[in-house]
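What follows is a short report on a single structure.
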Number of protein chains: 2
Amino acid sequence: MPELFTVQTPPDAWARFLEHFSPQVRSERIATADALDRVLAEQLVSPQDLPEFPRSTVDGYAVTAADTYGATPGLPAFLSVVGEVPMGKAATIEIGVGEAAIVHTGGMVPPGADAVVMVENTQRVDEASIEVMQPVSEGQSVIQIGEDIRKGQPILAPGHRLRPQDVGGLLALGITEIAVALPPVVGIISTGDEVVAPDQPVQPGQVRDINSYSLGALAERAGARVVRYGIIPDNRAALEAAARRAVQECDIVVFSAGSSVSYRDMTADVIGELGRPGVLVHGVSVKPGKPTILAVCDGKAIFGLPGNPVSAMVIFDLFITPAICALLGTAAPPQTRINARLARNIASDTGREDYIQVRLEEREGERWAVPVLGKSNLIYTLVNAEGTIKVPLDSGGIRAGEWVTVVLH
Amino acid sequence: MPELFTVQTPPDAWARFLEHFSPQVRSERIATADALDRVLAEQLVSPQDLPEFPRSTVDGYAVTAADTYGATPGLPAFLSVVGEVPMGKAATIEIGVGEAAIVHTGGMVPPGADAVVMVENTQRVDEASIEVMQPVSEGQSVIQIGEDIRKGQPILAPGHRLRPQDVGGLLALGITEIAVALPPVVGIISTGDEVVAPDQPVQPGQVRDINSYSLGALAERAGARVVRYGIIPDNRAALEAAARRAVQECDIVVFSAGSSVSYRDMTADVIGELGRPGVLVHGVSVKPGKPTILAVCDGKAIFGLPGNPVSAMVIFDLFITPAICALLGTAAPPQTRINARLARNIASDTGREDYIQVRLEEREGERWAVPVLGKSNLIYTLVNAEGTIKVPLDSGGIRAGEWVTVVLH
């Protein structure tokens, strides 16, 4: 009845998994305006110069810079105002020597002009002339054609997660539709005869399903679409039927297995029959999370997670979030990391990664990471925590007072 | 024609705004399963003990701890197996002295038992008896009633943004519906005779609308719902009509104004007539972003932003994201901050906050923040940047080599 599996380190487990997992990014075309936080699936190149015409950055007068050289308030340059460039229109006037035209911020600088004098540095003489009291250099207060971005210049590469400024930058170029990665579909199968849906009454001996939802939320955060297959009774036929349906419909299937050895064995057996090569890793040197299964079945990524909700979330972050990112063609989502001093000693074993939930406290201007007390398999240790610290494989523990990196939840 | 407004520091401007802005959080009840990243609008208290029955954390035998004291492989404790507790059921057996019952991970520990011996530390003698080869202490491998969370204990407070584990933790208690803050509605009005919708052909002198989308994306990220009022022609009647409609329909109205002084003055005038007290701040000591308007009109928050897309995003982060968070009843959204060394000198003026866009580079194991070259009003300076650094009000600049805090985009 004791489990006989060979535990692998997380890096070894992931490497073994990647030997057999060849993620293919599938894409769809969507409106750029709706693409915030989506992952780009094509190389974008600027179809035009931006701007396409020289633009003024100030309100003032378009001039030939040379006409202003040496101008001072005491000895201003005198220029004839030959017209005004209306906003949103091409300039129809041309500036010659000794001439100026009114331009507005963002408006076109007319041909012949090579700089703009700010209105603050001019004085109106009469309807048709101004005095310029400060010289401008060539190009001053003008955005040149293509100065923002040039036609043919690469903009954004596949794998880039679109930020607000990217949406704006693409629309500025008229790129109103783009190819983004289709969200991978993650199927979640909960098992356990003791598990009931959260909206059902619980009887003594029963507990409500946590993992279908907490893991689903992690998957959504990573950019996946989630299908929940409900709570499957602990019998092999039912589990097999659900597994086959999920493998058909999803890119990634996650078993949130009953926690006991016999259920885990059954899950491993069922996964083993879903396709080739089957189970690759059974057991990782992670605490909490040791009884984890990594498998690839006919190209689909399959994971068996411990039933304990904390272990399940730790392992999800460790293996399934990266698998989702691989299917999106992007690097792992950026985590928010901060430094803090550890508030109490943490013991660990070398050869094992430990993940410790912590709260943060300010003490005399320093930030401290305080491990959350309680058995590591209680969901409220995670609810009460603000972040996680990792005790690396090669460490026997971390002493109180040492600086640690906290990954915020 | 020069602008005559009194520039205020960002903290002063925000304080003045808050004197007149009294955000009311509105809430709605939604399914907890759908509440990821939403902001809680009620105090939640645990309606029950979790777990409601003592649970085993291992596969093994429920025993009376005292029966195992002193047990060793050489001198094991001999116990009668009186039954098995099935998963998901109440235990119907009771453990007496010298007795044990088979329990599975997550199963109920039967009455009379106060600890569980892992199966690995036992040996089966026959159908009805085992040897225990290692003692267990009272409570060992048992989660006590209420050990995860106790009935009546506060769980999460209003203003908390729900994380995956929170969703799981609430559902574990059968809290399937919760009150969350209704997303504030942010209306965006673009103006400028030179601005055209991104899907329209541009003529010489015209540019495509960026701000409706980049600012809309920032608003969505902060947790707001966005209404775009399109591009309003630069005449007072049209602007007034759009403004009145937006103020009616939204909690926050953002004018992405034409950039020139005359347009800005018109925007300020229109805002001034939308309600009491009207314009509170006209001009902030921020670069880029000086010509910013903060107003409160009959309880609605109104902002006039510079047309320049970089300024507009900087100012949005500075004032509108906090206003959205106030309407959600939450602190500002957590930003990802990292430290880096500044790659070149940055000049600034004391009395002004400067926001500089930077790329990140690794050089000999250290992270460097490299300011993105180019005029600060070009959208691609933001697209090509990974984060922003701030030169504080009281600083005359930052020297190359100094450590700075980068807020990642």
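The values are calculated or read from the model by the stated rules, or taken from the named source; none is laboratory data. In this text, all values refer to a predicted model and were calculated from it rather than measured experimentally. Positions of Cβ are generated from backbone atoms using ideal geometry, with glycine treated the same way; all protein chains shown enter the neighbour counts.
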Practice item. Could you tell me which residue of region B:153-181 is nearest to the chain's Cα centre (by Cα), considering only residues that are buried (at least 18 other Cβ atoms within 10 Å of the Cβ), part of a loop (DSSP other than H, G, I, E, B) and hydrophobic (A, V, I, L, M, F, W, C)? Key: B:162
Review point. Cβ-Cβ below 7 Å, separation at least six or inter-chain, first residue in region B:98-112 and closer than 19 Å to residue B:80 by Cβ and among the aromatic types (Phe, Trp, Tyr), second modelled with pLDDT under 95 and in a loop (DSSP other than H, G, I, E, B): which pairs?
Key: none
**Study point:** residue A:240 being facing chain B (nearest Cβ under 7 Å), at pLDDT 95 or above, surrounded by fewer than 23 Cβ atoms within 10 Å (Cβ to Cβ) and outside any strand (DSSP E or B)
**Key:** no
Point to revise | Total residues in region B:204-237, condition surrounded by fewer than 17 Cβ atoms within 10 Å (Cβ to Cβ), more than 26 Å from residue B:329 (Cβ to Cβ) and within 14 Å of chain A (Cβ to nearest Cβ) | key: 4
Study note, to complete from the structure: Across region B:28-48, the tally of residues that are of a type in the set (Gly, Ala, Ser) and part of a strand (DSSP E or B) stands at 1
**Study point:** Of the criteria (1) outside the structural domain of residue B:287 (by TED's automatic domain parsing); (2) over 30 Å from residue A:379 (Cα atoms), which one residue B:59 fails
**Key:** (2)
Revision key, fill the gap. The strands (runs of 3 or more DSSP E) lying wholly within region B:295-409 that contain at least 1 residues that are free of Cβ contacts under 8 Å to residues at least 24 places away in the same chain are B:353-363
Check your understanding: Within region A:88-101, restricting attention to residues that are more than 8 Å from chain B (Cβ to nearest Cβ) and closer than 20 Å to residue A:119 by Cβ, which residue is surrounded by the most Cβ atoms within 10 Å (Cβ to Cβ)?
Key -> A:100
Revision key, fill the gap. Filtering region A:244-273 for residues that are within 14 Å of another protein chain (Cβ to nearest Cβ) and either more than 31 Å from the chain's Cα centre (by Cα) or among the acidic types (Asp, Glu) (or both) leaves a count of 10
Revision key, fill the gap. Checked against (1) at the interface with chain B (Cβ under 7 Å from one of its Cβ atoms); (2) modelled with pLDDT of 95 or more; (3) more than 22 Å from residue A:26 (Cβ to Cβ), residue A:197 satisfies every condition except (1)
Point to revise | Candidates A:312, A:323 - the one that is under 21 Å from residue A:12 (Cα atoms) and under 19 Å from the mean Cα position of the chain (by Cα) | key: A:323
Review point. On the given criteria, is residue A:231 in a strand (DSSP E or B), within 17 Å of residue A:307 (Cα to Cα) and free of Cβ contacts under 8 Å to residues at least 60 places away in the same chain?
Key: yes
Check your understanding: Within the group B:302, B:346, B:389, B:356, which residue is farther than 30 Å from residue B:185 by Cβ, crowded, with 22+ Cβ neighbours inside 10 Å and away from chain A (no Cβ under 14 Å)?
Key -> B:356
Check your understanding: Going through region B:318-339 one residue at a time, which ones are in contact with a strand residue (DSSP E or B) (Cβ under 8 Å, 6 or more places away or on another chain) and surrounded by 22 or more Cβ atoms within 10 Å (Cβ to Cβ)?
Key -> B:319, B:320, B:323, B:324, B:327, B:328
Exercise for review: Return a yes/no flag: does region A:340-354 have any residue that is in contact with a helix residue (DSSP H, G or I) (Cβ under 9 Å, 6 or more places away or on another chain) and among the polar types (S, T, N, Q).
Suggested key: no
Review point. Of the residues B:286, B:279, which single one is buried (at least 18 other Cβ atoms within 10 Å of the Cβ) and free of Cβ contacts under 8 Å to residues at least 40 places away in the same chain?
Key: B:279
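Conditions tested, residue by residue: (1) crowded, with 24+ Cβ neighbours inside 10 Å; (2) within 44 Å of the chain's Cα centre (by Cα); (3) away from every other protein chain (no Cβ under 14 Å); (4) part of a loop (DSSP other than H, G, I, E, B).
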{"site": "B:105", "(1), (2), (3), (4)": "yes, yes, no, yes"}
{"site": "B:116", "(1), (2), (3), (4)": "yes, yes, no, no"}
{"site": "B:125", "(1), (2), (3), (4)": "no, no, yes, no"}
{"site": "B:131", "(1), (2), (3), (4)": "no, no, yes, no"}
{"site": "B:137", "(1), (2), (3), (4)": "no, yes, yes, yes"}
{"site": "B:145", "(1), (2), (3), (4)": "no, yes, no, yes"}
{"site": "B:151", "(1), (2), (3), (4)": "no, yes, no, yes"}
Review point. Out of the residues in region B:49-87 that are among the polar types (S, T, N, Q), part of a loop (DSSP other than H, G, I, E, B) and buried (at least 17 other Cβ atoms within 10 Å of the Cβ), which is nearest to the other protein chains (Cβ to nearest Cβ)?
Key: B:57
Point to revise | residue B:341 away from chain A (no Cβ under 14 Å), more than 22 Å from residue B:9 (Cα to Cα) and modelled with pLDDT under 95 | key: no
Study note, to complete from the structure: Apart from one, (1) among the polar types (S, T, N, Q); (2) more than 8 Å from every other protein chain (Cβ to nearest Cβ); (3) within 27 Å of residue A:28 (Cβ to Cβ) all hold for residue A:176; the odd one out is (2)
